[in-house]
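Values in this text are rule-based calculations from the coordinates and carry no lab data. Computed from a predicted model, the values in this text were never measured in an experiment. Cβ atoms come from the backbone with ideal geometry, glycine included; neighbour counts cover every protein chain shown.
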Protein chains: 2
Amino acid sequence: MGLTKSEIFTEGQNRIATIAKALGHPARVAIVQHLFKAESCICGELVSEIGLAQPTISQHLKELKQVGLIKGNIEGTSVCYCIDVHAWESIKEVLIGFLDQDVAPGDLCC
Amino acid sequence: MGLTKSEIFTEGQNRIATIAKALGHPARVAIVQHLFKAESCICGELVSEIGLAQPTISQHLKELKQVGLIKGNIEGTSVCYCIDVHAWESIKEVLIGFLDQDVAPGDLCC
DNA sequence: TTGGTATATCGCAATAATACGATTAAATTA
DNA sequence: TAATTTAATCGTATTATTGCGATATACCAA
């Protein structure tokens, strides 16, 4: 209990859920939007832009990186984070495939 | 702590995150997929289809309903759940708008 | 080498999410 | 009415998430 039973779902269902979960926090949405604007991709800039503490931002960046949405590049003392464009395309495909379902013309009861 | 600081984010960011969070569990993904196929939308069918206990499914259905993704219709002793097609279109628009961002041709450092 | 800067990690507190047994509520059926 | 069926809710155990202060690490500059 308290633990998602991933093993009873398909790989596709788990993948959709994992991606959605990574985007299921406003800070991570804000980070992704900021990286797309690419005004700056330095961690410290994200900290001052978004109003959360540095360790918190760092943790969110880690989660986005684990799912593969972003990648980081060390530049001296700072780290530049960017959208992984290739991965983003793949994720887009997965999510849009899920979103584009059409209701079957079967027994609609409501 | 342990509490998301929604107030420091925009309405749009919170909306994207809320929707994504609702889809951030494989059981809820499976429920939505099943309702789209519309083979059956009765709660009990979802329970036997997905391998989770009835209270657990009921709880996931409640979450999907709170976000407005699905709606339920009482039919005798059972309840028929369906995708809220109107809401789904709106959600699709929000998420696709987010997914369709293009990388700014600025200072790509990675 | 010493000091400053930037980021990651650790540890912790508080809250949320997941799952399910037990129970309740409501409608149907016998 | 009594028994059955179906789903929601309650209570609770377990794990996950969120957030941040303190600290560690790594690099640069003087």
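Residue-level check: of (1) touching a Cys at 6+ places or on another chain (Cβ under 7 Å); (2) closer than 22 Å to B:P26 by Cβ; (3) among the small types (G, A, S), A:A22 misses just (1). Tell me, which residue of segment B:77-106 that is among the aliphatic types (A, V, I, L, M) and more than 8 Å from chain A (Cβ to nearest Cβ) is surrounded by the fewest Cβ atoms within 10 Å (Cβ to Cβ)? For segment B:77-106, the residue satisfying everything is B:A87. For segment A:1-36, the set of residues classified as more than 13 Å from DNA strand C (Cβ to nearest atom) and loosely packed, with under 14 Cβ neighbours inside 10 Å consists of A:T10, A:E11, listed by residue number. For first residues located in segment B:79-105 and polar (S, T, N, Q), partners that are assigned to a helix (DSSP H, G or I) and lie 6+ apart or on another chain with Cβ distances below 9 Å form the pairs B:Q101/A:V32; B:Q101/A:Q33; B:Q101/A:F36; B:Q101/A:K37; B:Q101/A:W88.
Listed here are the residues, each with its yes/no results for (1) near DNA strand D (Cβ under 9 Å from one of its atoms); (2) touching a Phe, Trp or Tyr at 6+ places or on another chain (Cβ under 9 Å); (3) more than 9 Å from chain A (Cβ to nearest Cβ).
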site	(1), (2), (3)
B:E11	no, no, yes
B:A17	yes, yes, no
B:E45	yes, no, yes
B:L52	no, no, no
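Within segment B:36-51, residues that are in contact (Cβ under 8 Å) with a residue 24 or more places away in the chain and of a type outside the set (G, A, S) reach partners that are assigned to a helix (DSSP H, G or I) and more than 12 Å from DNA strand C (Cβ to nearest atom) with beta carbons closer than 7 Å, at six or more positions or on different chains, in the pairs B:C41/B:L35; B:L46/B:H34.
Looking across segment A:63-73 at every residue that is more than 8 Å from every other protein chain (Cβ to nearest Cβ) and within 18 Å of A:A38 (Cβ to Cβ), the one that is nearest to DNA strand D (Cβ to nearest atom) is identified as A:L64.
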